[in-house]
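The values are calculated or read from the model by the stated rules, or taken from the named source; none is laboratory data. Every value quoted in this text rests on a predicted model; they were computed, and no experiment measured them. Note: ideal-geometry Cβ built from the backbone for every residue, glycine included; neighbour counts use all protein chains shown. The accessibility values were calculated without ligands, DNA or RNA, using every heavy atom of the protein model including side chains. Shrake-Rupley method; radii C 1.70, N 1.55, O 1.52, S 1.80 Å.
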Amino acid sequence: MSLAVPTSSEFPTLAREGLVYLDTAATSQTVRPALEAMDRYYETYRASIHRGIYSIATEATDAYELARERVAKFTGSTARETVFTKNATEAINLVAYSWGRANVGPDDLVVLSQMEHHANIVPWQLLGCKLAYIPMLDDGTLDLEAYDELLARSPKLVAVAHVSNVVGTINPVAEIVSRAHAAGAVVLVDGAQAVPSLPVDVAELDADFYVWTGHKAYGPTGIGILHGRRSLLEVMPPFLGGGHMIARVGDFESTYAEPPTRFEAGTMPIAEAIGLGEAVEWLAAIGMENVREHGRDVTAYALERLGEVPGLSIHGPAEADGRGSLISFALESAHPHDVAEILGREQVCVRAGHHCAQPLMRRLGVPASTRASFAVHATRDDVDRLIDALGTVQEIFA
Ligand code: PMP
């Protein structure tokens, strides 16, 4: 099926002649309604939020809080459980510093998976606790038997990606969460790659913390999301201190605002929150089931076409059903960076590197991979352009 998404009009960048943008897993293009909403803020009611009592300050506050409601509704959460951050990385750090320092000691265990992004590894290393990894099987899925063995060691936290940004695997998050809860562990899910491409319902998944990021979800950069279970957020100490997050500041100690404000210190990315609110409205109007179906269709076609390229091997699940809308691959004849550079010369934008997932690269036994990822605007024609450009790579390296 194909979606009625007019590419060049909805995404201004795509109006550039000949551009095939297949790097949406790194960052998506920002959709026009989000850009327009941000312009409106800057041009007609730019003011600080939650403080001013004049009309445009109230307008700005209302727009920011409406964005929070939209974002919460989009992911099956509530505004009271939705904290704006700078990005997914900051959202995970917030949990590690606030909840982590209060609840995880040096001898406590945090369970990660072998397919985590550095954003969901390094904050837990900084916390200074014990770490263990759910191994990835050769088919690109997580080893759930090994997971059960790790749960028997009573971890304090399980932190896993919903969708891998390298192998694309859609992890069985609801199952991972329910097993963790039965073992008494809290769960953080990194939904950075999931929210833009699949229907996500945080309440249904029952995750205690669910993080994602606006710049991969057709919103602007500089805005991320932490959904946190209200009962946990309420007892968590602040992450960053300063203006706005307080109730009262004494000379030597202070009391703090209720969540989510407690975790939003200083002047927030107001325009960006408003932009993201608009982006998720736009996605909701298309329908995330449709977005998923389109992504699955283009990914299935890409798997088929890439399978025809001699000397090319695909990392991760063989079928599109088990994947988000992205594919990492290796070409026998050329280094991933050379592949990406030559594709770039043909205006086919893909990413090459370790994708901020070095433990996973070691598991795959490769230093890097080339990754193509498929946004709502990606078409089968885009995949054909990718395959043609790979033909050029092979001619050069033959
Ligand atoms: N987790 C995953 C799975 C990601 O793909 C990314 C972005 N590459 C991140 C976390 C970090 O997102 P951000 O850069 O917005 O903090």
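Express the carbon and sulfur contribution to the solvent-accessible surface of the chain as a percent, rounded to the nearest whole number, probe 1.4 angstrom. Kindly include the intermediate steps, with their values, before the conclusion.
Numbers: 8000 of 16190 Å².
Roughly 49 percent, rounded to a whole number.
Of all GluC sites (Glu not before Pro) in region 17-46, which ones are in loop regions per DSSP and have a Cβ with at most 16 other Cβ atoms within 10 Å?
Numbers: sites: GLU17, GLU36, GLU43; in loops: GLU17.
Counting only loop positions with at most 16 other Cβ atoms within 10 Å, the GluC sites (Glu not before Pro) in region 17-46 are GLU17.
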Margin query: Pick from PRO106, PRO336, PRO155 the residue whose mean-square fluctuation is largest in a GNM of the chain, springs joining Cα atoms under 10 Å.
Written below: PRO106
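With the cut-off at 1.5 for a/c, could you classify region 63-141 from its C-alpha gyration tensor as rounded, prolate or oblate? Mind showing how you got there, number by number?
Details: a/c = 2.73, a/b = 1.55, b/c = 1.76.
Judged from the Cα gyration tensor, region 63-141 comes out oblate (a/c at least 1.5, b/c at or above a/b).
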Note to self: Quick check: from the Cα gyration tensor, does region 118-202 come out rounded (a/c under 1.5), prolate or oblate?
What the structure shows: rounded
Notebook entry, point to check: Could you give the length gained on full extension between THR267 and GLU69, defined as 0.36 nm per residue of separation minus the Cα-Cα distance, in nm?
Noted result: 69.4 nm
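With a ≥ b ≥ c the root eigenvalues of the C-alpha gyration tensor of the chain, is it rounded (a/c under 1.5), prolate (a/b larger than b/c) or oblate?
Values: a/c = 2.11, a/b = 1.26, b/c = 1.67.
Oblate shape, in that a/c is at least 1.5 and b/c is the bigger or equal ratio.
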Notebook entry, point to check: How much solvent-accessible surface does HIS181 expose, in Å² to the nearest 10, with a 1.4 Å probe and all protein chains in place?
Noted result: 60 Å²
Check: By how many degrees, 0 to 90 and rounded to 10, does the Cα axis of helix 336-345 deviate from the longest principal axis of the chain?
Finding: 80 degrees
Notebook entry, point to check: For region 1-107, what number results from the quotient of the Cα radius of gyration and 2.2 N^0.38 Å?
Noted result: 1.44
Notebook entry, point to check: Where does each of 165-172, 129-136, 306-313, 322-329 land if you order them by average Cβ count within 10 Å, highest first?
Noted result: 322-329, 165-172, 129-136, 306-313
Margin query: Run the reach check for LYS86 against aspartates and glutamates, Cα to Cα strictly under 19 Å, same-chain hits fewer than 8 apart removed. What comes back?
Written below: GLU65, GLU69, ASP190, GLU264, GLU272, GLU278
Checklist line | Mean Cβ neighbour count within 10 Å, used as a protection proxy, ranking 266-272, 45-51 highest first | finding: 266-272, 45-51
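Give the accessible surface of the chain per residue, rounded to a whole number of Å², with probe radius 1.4 Å and ligands, DNA and RNA excluded.
On the way: 16190 Å² over 398 residues.
Solvent-accessible surface per residue comes out at 41 Å².
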Next item on the list: Under 21 Å Cα to Cα from LYS130, which lysines show up? Leave out anything in the same chain fewer than 8 places away.
Entry: LYS156
